[in-house]
Every structure is written in structure tokens, then in C-alpha cells.
Amino acid sequence: MSKHRPSGDGMIRNRGKFWEGRIVVGHNSDQSPIYRYVYGKTQKELIEKMHQKHIEYDGIELSDNSNLKLSEWLEIWIEKYAKVKLKFQTYESYLSSINLYINPYIGDKRISKITSNDIQELYTTLKKEGRVNYHPEYGKQLSASTVSTVHRVLSAALEDAVKNGYIHKNPVKFTKPPKRKNGEMKILNEEELERFMEVIKQEPFWDDLFYLEMTTGLRLGELCGLKWSDFDEKGKTLVISRTICFRGGELIEGDTKTRNGNRIIYLPESTYKMMNERKLKIDSQWVFPNPLDNSKPVNPSSAYMTMKKLLEKAECPDIRFHDLRHTFATHAISSGVDVKTLSNILGHSKSSFTLDTYTHVTTEMQKSASEKIENMLDDMFGLDVMSL
């Protein structure tokens with residue numbers, strides 16, 4: 001039986017044209033040592049590098065699992081570590097990132113051999129040409145948001161590898177994912193909104209869905225996830241408690257985006273009337289059932305594509321579905337709804353987020369208010385305020 005060599009033990013030797021050193025950084029299950037090698041042109045240079053390597057691995061005891069491929073570790077991590085603490089939608093998103101954007105590129109690398117440079121190069125490659133299916137506008141470029149998800153997955157997975165002693169440091173800590181850019185907010189002005197509302201009246205299947213959207217500002221998944229059990233006829237309210245998303249080839253029912261996403265909203269009288277009339281016509285648990293199978297909710301993708309067609313028909317700007325939510329919020333503030341109330345309706349976690357998001361509206365309202373105050377003072381005192 002070979003003598004057990006303690007971690008930190010090392011040796012150096014002359015290889016002719018260069019010097020080689022190695023230190024013990026852990027042990028396999030059969031107690032055979034795990035080495036890390038260092039090279040230098042001179043003995044002095046090697047000794048300096050060996051010293052740095054000793055500092056780097058001080059207190060570290062690697063094991064067999066240090067030789068796991070990244071794909072192998074991610075398979076263990078996503079099921080045994082991540083799944084138990086993630087929401088289902090987040091778990092699905094992480095799993096998709098692993099299968100589409102991590103394993104095909106660096107999945108064969110040993111976790112103990114992955115460097116910060118490997119990961120930074122991955123981000124660059126993904127941003128430039130990581131999209132799986134060609135997009136007519138973006139080509140093969142992957143969004144910064146998707147690359148950021150890859151960053152979060154790798155960071156969490158390799159941090160758990162550090163905690164388990166499989167690697168000595170997390171290389172993700174020394175990388176920078178591309179910055180996420182918030183999509184430019186676009187809203188329908190009053191004339192465009194009026195045209196859009198006229199067009200939806202011509203769509204018997206979709207008119208109620210878009211009317212509810214324009215009077216409540218729900219997220220697309222929340223809208224598609226509504227059940228009749230959420231509708232309180234006496235209280236004239238809707239309970240928002242779930243969302244619908246498309247994952248792995250099927251529609252998945254999940255929780256709302258945030259804790260504040262679970263909320264009760266009071267319906268405008270016209271919307272309440274629409275919901276009452278609709279309930280008499282719909283034979284499904286879903287407020288907006290799938291037209292081909294009313295036991296299932298409508299697909300958010302179908303609603304999105306229909307919106308695009310209706311916008312074009314109404315000669316409105318080509319906006320995102322989320323911009324309908326922005327349109328509702330902007331017109332609500334302009335009509336005098338206070339930020340705190342609007343924040344509760346939208347399900348934002350903080351009123352400050354609502355204020356920051358729609359600051360352009362509140363700024364214009366302040367300007368308008370100052371003009372009204374000036375006119376009021378002029379009426380009261382009968383002279384130019386500036387002369388007081």
C-alpha cells in the first residue's frame with residue numbers, strides 16, 4: 001500500500017529545459033493523491049509559483065468529485081440542490097439554460113479545470129451566436145437577459161461545488177456577464193388606444209381578453225391563468241394568484257412573479273359587467289380557455305401573436321404585450337390614480353419601483369400641477385404671481 005501523502009506535500013524536479021513542481025491538493029476515495037502541477041523556466045521561478053499555489057490551496061481537500069465533468073455536476077446539482085428551493089418556472093429556466101447554453105459548450109470540461117476565462121469566453125460566444133433558432137431581427141445573437149441566467153446558474157452550481165470541497169474557488173466570481181438592457185417602454189397614445197379598442201371589438205374570441213388587459217394591466221401569464229374561482233361577483237374583484245407559461249412543450253401553471261404578485265384588484269364597472277356576461281357564455285374553469293380544448297387555458301403565445309395582428313390592423317406601433325401593461329399604467333397615472341394604489345394593482349414589490357418606472361408621467365403631472373397652481377393664484381390675487 002502506498003504511503004498517504006498529506007495535502008500540501010510537494011516536490012520539484014529539473015526536466016532539462018524547464019522545472020516541474022507538484023503539490024498534493026486532495027485525495028481520491030482510494031487515498032491516492034490528487035496533484036496540481038506548476039512549471040517554471042528556472043528553479044527560482046518555480047519555487048515562487050509553488051509558494052503561490054500552496055497559498056491558493058491552503059485548507060483545501062479535493063476529492064474524486066473534483067474530476068466530475070461540468071455536465072455531470074450540473075445534472076446532480078439541478079436535481080439535488082436547486083430543485084428543492086426553486087420555483088418550478090425557475091427550475092425549468094435553469095434546466096433549459098444548462099441543456100441549451102452550457103453543456104454544448106463547456107459541459108465536457110472537468111469542474112476543477114474550468115477557469116474564469118473559459119466562462120467569460122462562453123458569455124461572449126453566447127451573446128454573439130448562442131441563439132438556437134435564427135431570429136429574423138436578432139439573427140443568432142442571444143439576449144443579455146438569457147446570458148445573465150446562464151451566469152446565475154453557473155455561479156450557484158459552482159459555489160455549491162466549492163462548499164462541498166469539489167473545487168477550491170468559484171471561477172464565476174471573476175467574470176462579468178453582459179449588462180441587461182431594459183426594453184424601451186412604448187405606450188399607445190389616446191388616439192392609438194382608441195383605434196386598438198375599436199379593432200378588438202371585431203374579434204369575438206379575443207375582445208374580452210384584451211379589454212380586461214387594458215382595464216387592469218395584468219401580466220400576460222396572469223391574464224391567461226385566470227379561473228372563474230378568482231372572480232368575486234359580489235365584491236367585484238379578481239384574485240391574482242397564478243401565472244401560465246409555456247415550458248418543455250406544454251403549458252405550466254405556476255406562482256405569480258413576486259410575493260406582491262398575489263393580490264386582489266377591484267374591477268371597473270364596465271369590466272365587472274363584461275366578466276358577468278362572459279361567465280354565462282363560458283363552459284370552463286378558465287376565464288379564457290383554449291379554443292381547441294376548454295379544459296386548458298389559452299396559450300400566452302397565441303394571445304401575443306393575436307395582439308401583433310390587431311395592432312397592425314389598428315395601425316398602431318409594433319409594441320410588446322408588456323407595453324399594453326405600461327399603456328394601462330401610464331393612462332391610469334395621467335387620470336389621477338396615485339402611485340401607491342397603482343403599485344398594488346400592478347403587483348409591484350415596491351411603490352418606488354412604480355414611481356421610477358413611470359417617472360416620465362409623474363414629471364409631466366407635476367408640471368401640469370404647477371401651471372394649475374399659478375393659474376389659481378392669478379385668479380385669487382388678480383395679478384401676475386411673479387410680481388408678488
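Is it the case, given these coordinates, that ARG180 is at pLDDT below 85 and of a type in the set (Lys, Arg)?
Taking the combined requirement at face value, the residue satisfies it.
Considering only helices (runs of 4 or more DSSP H) fully contained in region 215-331, which possess at least 3 residues that are within 30 Å of ASN99 (Cα to Cα) and not assigned by TED's automatic domain parsing to the domain that holds GLN89?
220-224, 300-313
Which members of region 346-356 meet the condition of being assigned to a helix (DSSP H, G or I) and crowded, with 20+ Cβ neighbours inside 10 Å?
If the condition is that a residue be assigned to a helix (DSSP H, G or I) and crowded, with 20+ Cβ neighbours inside 10 Å, then LEU346, THR354 are the ones that fit.
Give the residues of region 297-315 that are touching a residue at least 40 places away in the same chain (Cβ under 8 Å) and within 25 Å of the chain's Cα centre (by Cα), sorted by residue number.
The answer is PRO297, VAL298, ASN299, PRO300, SER301, ALA303, TYR304, THR306, MET307.
Scan region 377-385 and give yes if some residue there is modelled with pLDDT of 85 or more and surrounded by fewer than 13 Cβ atoms within 10 Å (Cβ to Cβ), otherwise no.
The answer is no, given that none of the residues of region 377-385 is modelled with pLDDT of 85 or more and surrounded by fewer than 13 Cβ atoms within 10 Å (Cβ to Cβ).
Could you please tell me which pairs satisfy a Cβ distance under 7 Å, a separation of 6+ or placement on different chains, a first residue in region 229-254 that is within 19 Å of ILE282 (Cβ to Cβ), and a second residue that is modelled with pLDDT under 80 and not in a loop (DSSP other than H, G, I, E, B)?
These pairs meet every condition: ILE240/GLY261; ARG242/GLY254.
Look through region 318-361, keep the residues that are modelled with pLDDT of 90 or more and in contact with a Lys or Arg (Cβ under 6 Å, 6 or more places away or on another chain), and return whichever of them is farthest from MET185 (Cα to Cα).
Checked region 318-361; the qualifying residue farthest from MET185 (Cα to Cα) is ILE319.
Of everything in region 90-138, what is charged (D, E, K, R), surrounded by fewer than 17 Cβ atoms within 10 Å (Cβ to Cβ), closer than 19 Å to ARG180 by Cα and free of Cβ contacts under 8 Å to residues at least 12 places away in the same chain? Give them in sequence order.
GLU121, GLU137
Go through region 186-214 and report how many residues are of a type in the set (A, V, I, L, M, F, W, C), out of contact with any Asp or Glu (no Cβ under 7 Å at 6 or more places or on another chain) and in a loop (DSSP other than H, G, I, E, B).
Count: 3.
Please verify whether region 28-50 includes one or more residues that are more than 26 Å from ARG15 (Cβ to Cβ), in contact with a Ser or Thr (Cβ under 9 Å, 6 or more places away or on another chain) and either free of Cβ contacts under 8 Å to residues at least 24 places away in the same chain or not β-branched (Val, Ile, Thr) (or both).
Yes, the conditions are met somewhere in region 28-50.
The values are calculated or read from the model by the stated rules, or taken from the named source; none is laboratory data. It should be emphasised that the depicted structure is a prediction, and the values quoted were computed from it without experimental measurement. Ideal geometry is used to build each Cβ from the backbone, glycine not excepted, and the neighbour counts take in all protein chains shown.
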